[in-house]
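Reviewing the structure listed below.
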Amino acid sequence: MRVELRPMVVMLQVCFATGAVAQVQPAPPVIAWPMNGQVIHSKSPTLRGTTSIGTQVQIRIVRNDTPVLNGNAIVGLDGNWRFHVEGELSEGIHTLSATASRGLAVSNPQVIWFSVDLAPPDTLIDSHPPGQTNSTIAEFGFSVSNREFVTYECKLDEQDYFPCDSPTTYDNLDHGEHTFLVRATDDEQNTDPTPPSHTWAVDLTAPNPPEVIAPEDGRYVNTEVLEVGGSSEEFFQVVILIDGVARGSVASEGGNWKLPINLSSTQDGSHSLQAMATDAAGNSSLPSSPRTFIVDRVPPEIRIVKGPPVIGNRKRADFEFTSSSDLHYYLCGLDGKELDDCGSATSLFDLKDGSHTLSVQAVDKAGNRSLYATHEWLVDTLPPAVQVRTPELGASVNLPKPFFEGRGEPHSTVRIFVESAGSDEFAGEVSVQWDGSWRRESMASLEDGLHHVRDEATDEAGNTSLRTEPLAFIVDTVPPKARIVAGPPRYSNVSLATFILESLEGNSVLECSLDDGAYVKCDTSYTFELSKFGQVDGAHVLRVRAKDVAGNIGPEPVSHQWRVLTQRPAAPTITEPQEGATLYTLIPTFAGKTVENSKVELFIGEQKAGAVVADENGNWDFRTSKEMEEGTYTLKATVTDPAGNEGLA
């Protein structure tokens, strides 16, 4: 590492004067080269600069506080000056001082420092071709480590140096060894005395194909990995080709090579195996003579093309099998027994009732075994059980097409028959669910009256049961009627309600609904407290319907409406005449408003004038029956609501 120290320069201004006339001090000269702090690579440089026309330039160079030289520069008519250093400057930091003079007047000095570095350029090769290559093109990149501005010269083999730039490319190179050199020259004409070089070989000769030893020609393979091996020249890279496609590579060591090839993606069948060798220069040989191997590592597929139905009632079973490959033999086993040789068609005899499983396996000529093909079936020679549970014996139903329900063997088919008036009618069929239950609406429309139902079942094996014993039931589609015999009056002032009810059909029950509530069972004598159901005062309605044992419900319930008034009504209002009014008739009309359908009594003074009933809206009016005498009167009205409650005063 070079450390350069810049010297401290003290500038002094000196004034010269003669006896009586002072001369003007010229401006300091300009040093154009070298620049302040510049590193130069010449021991005899030519210094340059400018000064005022008509002045002289004095040069002084100092190193380590020791003067190196003094001299006068050559100044041109245009003010440019130069100074060639005679002798040799040593390496290191120098101080350059230049002053201008005209007569006795001398300028202040112009001072800079510069450094002298006499080391030659250091040329570096940055990029180059590999030591061995089969490319006839070579490109080189280069630089210098200790200069900013240089020129380069390149040399290839026995050729002369010639000017070049980085990068430099050569093409059409001959087969054989080549050497490249490059050197740099700086602007002081210093040339790298030890140019770097790079030697490489261009190899255009292809190697001989490698020899494949394993596997042997025509070998069958049923593994996922194929071991391939052979011989070749030392350090050659051997590429394995299967069906012309590269599948891997390995380096030859000691003249031998070995490489496992994964065959997981290789289909079954005949394949071609070859090998190619690539030398260090990248030249590849021709493929070796093809060697054939057969991949048969996929187990054969087996299919049972014929067998008994899943459920059957035969004690014999006939089977036929097929396989997807060139088959050697089949292995068969019944109900978990050891597999034994069997042909492509096999029959089994004297099978017992119950579940059976036949397992079959195919073995191909390569020894691959297929997955097991199985056939499961059930031998069932017993007829299924079946019964009807709904409707119950002697029950009544209210549908002309009633629903029948029962139990049976899962997945069997139940056929239903209804006997009516001596005729036997088919009513439908249904499959028994997995839980043994079945349900079916009758296909036949039955008239009201007595009927008998019977059924039979056929299971999945084809066995059919005997018909069940007849079960009697009644079809009743006529809904019963209810009647309200007695109930509360239209208006009532009590919260207790009592009804007398009846059904017009025996063996039926009554259901009641108060004020659109849910229907509940009720007796023929039905009494209840309104306060238990909510608000007492107000309008109420009781609806009554009958329900028979067949489930028929009267389509239109009968109803009873009444209104409960337990509070005393307010005194009626008098709208005519108004308070203090003067009437101009002797037979006036009085009017007002009160509770609807209430009785209003009118008093003129203390004498009752008459009574009137308010309409549905509570309006009332009354006209006197005889003429009144002129005078002042007091009119009073009292009310009694329709429930009998007397009004407030």
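One table, with the values for the structure above:
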quantity	calculated
Pairwise centroid distance, computed over Cα atoms, of the range 157-224 with the range 346-405, Å	82 Å
Reciprocal mean inverse distance between Cα atoms of the range 292-331 - Kirkwood radius, Å	12.9 Å
Solvent-free Debye scattering, log10 I(q)/I(0), computed from the Cα coordinates of the range 110-223 at q = 0.20 Å⁻¹	-1.04
Given LYS593/LYS636; LYS258/LYS365; LYS337/LYS365, the pairs whose alpha carbons are separated by over 22 Å	LYS258/LYS365; LYS337/LYS365
5 angstrom amide H check on VAL68, placed H, neighbours 5+ away	ILE61, VAL62, ARG63
Semi-axes of the equivalent ellipsoid for the range 470-583, Cα gyration tensor, largest first, Å	44, 14, 10
Against the rule of thumb 2.2 N^0.38 Å, how large the Cα Rg of the range 300-385 comes out	1.16
Label-to-label distance, nm, for residues given as THR169 and SER525 (7 Å Cα→Cβ offset)	12.5 nm
Rg followed by Dmax, in Å, when the range 393-522 is reduced to its Cα trace	22.2, 76
Summed residue charge, Cβ within 12 Å of VAL564's Cβ, Lys/Arg positive, Asp/Glu negative	-2
20 Å binning of all Cα-Cα separations within the chain, expressed as whole percents from 0 upward	11, 14, 12, 12, 12, 13, 17, 9, 0
Rounded accessible area of ASP268 (nearest 10 Å², 1.4 Å probe)	70 Å²
For the range 88-152, Kirkwood radius (reciprocal of mean inverse C-alpha pair distance, Å)	16.9 Å
Surface per residue (accessible, 1.4 Å probe) for the range 39-90, Å²	57 Å²
Gap separating the Cα centres of the range 496-518 and the range 593-621, nearest whole Å	38 Å
Against the rule of thumb 2.2 N^0.38 Å, how large the Cα Rg of the range 156-263 comes out	1.83
DSSP bridge orientation in the range 441-565 - percent antiparallel, rounded to nearest 5	95 percent
Most to least packed among 591-600, 237-246 [average Cβ atoms within 10 Å]	591-600, 237-246
Percentage, to the nearest whole number, of Cα pairs in the range 20-144 over 22 Å apart	49 percent
Fraction of antiparallel bridges per DSSP, the range 121-257 only, in percent to nearest 5	95 percent
Fraction of the pair-distance distribution of the range 515-649 above 19 Å, Cα-Cα pairs, percent	62 percent
Extent along principal axes [Cα atoms of the range 195-248; Å; largest to smallest]	63, 19, 18
Accessible area of the range 235-387 divided out per residue, in Å², using a probe of 1.4 angstrom	54 Å²
Carbon plus sulfur fraction of accessible area for the range 55-152, probe 1.4 Å, in percent	50 percent
Accessible carbon and sulfur surface of the range 236-339 relative to its total accessible area, %, 1.4 Å	50 percent
Alpha-carbon radius of gyration plus Dmax, which is the widest Cα pair, for the range 337-458 in Å	23.6, 78
Cα-derived Rg over Rh, computed across the range 365-426 with Rh taken as Kirkwood radius	1.38
Scaled radius of gyration (Cα, divided by 2.2 N^0.38 Å) that the range 135-189 gives	1.24
Whole-number percent relative contact order across the chain, with pairs defined as alpha carbons under 8 Å at least 6 apart	6 percent
Length released on extending from ASN64 to ILE587, taking residue separation times 0.36 nm less the Cα-Cα span	172.9 nm
Debye-sum result for the range 243-386 in log10 I(q)/I(0), which assumes one identical scatterer on each alpha carbon, at q = 0.09 Å⁻¹	-0.50
Karplus-derived HN-Hα couplings along the range 435-450 (A = 6.51, B = -1.76, C = 1.60, θ = phi - 60°), whole Hz, x at Gly and Pro	8, x, 9, 8, 8, 8, 7, 5, 6, 8, 8, 9, 7, 4, x, 8
Within the accessible area of the range 409-521 (1.4 Å probe), percent carbon and sulfur	51 percent
Residues whose placed amide H lies under 5 Å from that of VAL106, excluding near-sequence neighbours	PHE16
Accessible area per residue in Å² at 1.4 Å probe, computed on the range 478-536	59 Å²
Estimated vicinal HN-Hα couplings, Hz - the range 568-577 in sequence order (Karplus 6.51, -1.76, 1.60; Gly, Pro = x)	5, x, 5, 4, x, 8, 10, 9, 9, x
Local electrostatic count, PRO215, Cβ distance below 10 Å [Lys/Arg +1, Asp/Glu -1]	-1
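The values are calculated or read from the model by the stated rules, or taken from the named source; none is laboratory data. Computed from a prediction, not measured in an experiment: that's the story for all the values here. Glycine also receives a Cβ, built like all others from the backbone with ideal geometry; neighbour counts cover every protein chain displayed. Side chains included, ligands, DNA and RNA excluded: accessible areas come from the protein's heavy atoms. Shrake-Rupley method; radii C 1.70, N 1.55, O 1.52, S 1.80 Å.
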